[in-house]
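All remarks here apply to the structure that follows.
Read-outs: derived from the displayed coordinates by stated rules, not from any lab. Everything numeric in this text was worked out from a predicted model, so none of it was measured. Glycine also receives a Cβ, built like all others from the backbone with ideal geometry; neighbour counts cover every protein chain displayed.
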């Protein structure tokens, strides 16, 4: 396991009306915790609205022996023990090429028990099958329009936006693209106090694959509308980053982000570090996300039965 504990930072000149960032962190016995406060007047997360489980990079190819590099059944068991209201899956759900036959034989045998409550986004391995047809055939209407792969729902009072970071497969992610225009309209027409987004390729990562600049425009749009957090997979590890702008600058107006590529299909090493990284854990597990009317709590649960990173954050 590799763990970078959360760092403490207290801005000077904090006043009641200022939108600011407070990171209070403590680490001990391999556990990292933090509180992200966007307003000094925030005292309560409000009422609990929903419990989510978040993970990506899940099911090994059919016939793969469940061993050190293949733990989808164990992460499914962990997810089941948490009794989530909804399950957000972050792409690369079925290796290697995401055919419908593979989904039915491998993914369905483990994580299929959550299909009716799943909110999915596609990964690059899904598109190894032409048009990601296996993914769309398996999830049906849950995956949205099969020619797009983006969609949004209101869950627990939060706006949850699923985007397709396989940009070249769907006409791009840049400003003026169909996906960018759709996102702008959804953010305009569905203003919520609390908003999150999920896609497959992380904008920021210190894992094997590193940063994805292709999603910078989508990040900037979410940031402009004061969204809270973005969740991605692709790198097979768990990472949490302090609020960042689309260009990677630390800012209380930026987005907190999580990489949760720990759903079962192998683990990757870390390739470096960055001052913005608050946690880095190379263990299988899932992220429990509890949504409240004014914010959220997160807890990364490992197969070893511990909470390796946790905290809370308030909506802007």
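In Å, the Kirkwood hydrodynamic radius of region 202-281 over pairs of distinct alpha carbons? Display every interim value, and only then the final one.
On the way: mean 1/r = 0.0803 Å⁻¹.
When all Cα pairs of region 202-281 are included, the Kirkwood radius is 12.5 Å.
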With the 8 Å Cα cutoff and a minimum separation of six or more residues, the chain has a relative contact order in percent of 23
Comparing 216, 180, 168 in a Gaussian network model of the chain (Cα, 10 Å), the one with the largest mean-square fluctuation is 168
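Please order 203, 278, 115 by the number of other Cβ within 10 Å, starting at the fewest.
115, 278, 203
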With bins of 5 Å, the percent of all Cα-Cα pairs of region 129-199 per bin from 0 is 3, 16, 25, 24, 18, 10, 3, 0
So the angle from the long Cα axis of helix 72-82 to the longest Cα principal axis of the chain, reported in degrees to the nearest 10, equals 50
log10 I(q)/I(0) for the chain, Debye formula on C-alpha points only (no solvent), q = 0.16 Å⁻¹, two decimals, reads -1.38
For 49-60, 189-200, 97-108, 244-255, ranked highest to lowest by mean beta-carbon neighbours within 10 Å, the order is 49-60, 189-200, 97-108, 244-255
